[in-house]
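The values are calculated or read from the model by the stated rules, or taken from the named source; none is laboratory data. These numbers come from a predicted model, not from an experiment. Every residue, glycine as well, gets a Cβ built from its backbone with ideal geometry; the counts of neighbours run over all protein chains shown.
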Amino acid sequence: MKKILLALFVVALFSGTIMGEDNFTVPSVEKERAYGFKMMMGGRYDDMRMCVASPDGTKGGPVGDIKFFMRFGFTFDWYMTVTIPVFRPILFGAAFQMLQYESDIAMEYKIPLSDKVEFSTGPGIGASYHYGPDYNSKNSGDERTESFFALGPMVSYYNSFDIKWPKTYATRIGVQLFHVSLLRVDEF
């Protein structure tokens with residue numbers, strides 16, 4: 001028994017586990033920062049805001065945006081991603097005199113599956129800002145209801161696959177679930 005314990009101690013000493021060396025961590029060869037654009041499409045249920053793509057009185061409808069993102073690396077497998085919406089604020093402001101702005105910060109944990117594919121997952125928090133009419137409103141004309149201000153927190157969680165291309169390009173395909181709780185701030 002003593003010989004087995006001594007052998008395990010010697011193996012552990014020379015493998016680095018007792019001396020504090022981590023044999024399972026590989027130094028990252030990726031850039032610590034990345035940036036680019038991401039496109040988001042899906043559907044939503046919304047019992048407060050007007051959806052410009054749905055008939056009046058419909059609670060919700062399609063959702064889509066093009067967002068600018070910045071990703072910062074902390075360790076080999078933990079990243080922080082900041083997203084800033086671009087398409088929806090410009091389109092809604094110019095075409096519908098509305099504001100829908102939802103930005104967030106997410107923590108990503110990535111799991112390498114191969115040299116070219118990684119699985120990323122993580123939670124996010126953010127804020128949603130709204131100025132525009134309620135869901136019963138028409139897009140324009142006399143039947144457009146009065147616009148109001150609303151804001152609230154946003155929580156999200158996503159799973160995605162990152163496919164690396166030659167050089168520094170990558171494609172992310174994933175699913176993001178989010179919840180926004182809006183409160184009117186111009187009238188309580």
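Some observations on this one:
- Selection over the stretch 9-47 of residues that are in a strand (DSSP E or B) and either at pLDDT 85 or above or not charged (D, E, K, R) (or both) gives a count of 11.
- The residue list SER156, SER160, SER137 contains one member that is touching a Ser or Thr at 6+ places or on another chain (Cβ under 7 Å), outside any loop (DSSP other than H, G, I, E, B) and crowded, with 17+ Cβ neighbours inside 10 Å, which is SER160.
- Qualifying residue in the stretch 65-80 (condition: in contact with a strand residue (DSSP E or B) (Cβ under 8 Å, 6 or more places away or on another chain), free of Cβ contacts under 8 Å to residues at least 24 places away in the same chain and among the β-branched types (Val, Ile, Thr)): no
- Screening ASP115 with (1) charged (D, E, K, R); (2) farther than 20 Å from SER137 by Cβ; (3) not in a loop (DSSP other than H, G, I, E, B) gives one miss only, at (3).
- Options GLU146, GLU118, GLU108: the member that is touching a Lys or Arg at 6+ places or on another chain (Cβ under 6 Å) and on the phi < 0 side of the Ramachandran plot: GLU118
- Hits in the stretch 79-107 (condition: of a type in the set (A, V, I, L, M, F, W, C), part of a strand (DSSP E or B) and more than 21 Å from GLY152 (Cα to Cα)): MET80
- Meets criteria (closer than 22 Å to GLY57 by Cα and aliphatic (A, V, I, L, M)) for ALA95: yes
- Qualifying residues in the stretch 48-78 (those that are surrounded by fewer than 13 Cβ atoms within 10 Å (Cβ to Cβ), out of contact with any Asp or Glu (no Cβ under 9 Å at 6 or more places or on another chain) and in a loop (DSSP other than H, G, I, E, B)) - the one modelled with the lowest pLDDT: THR75
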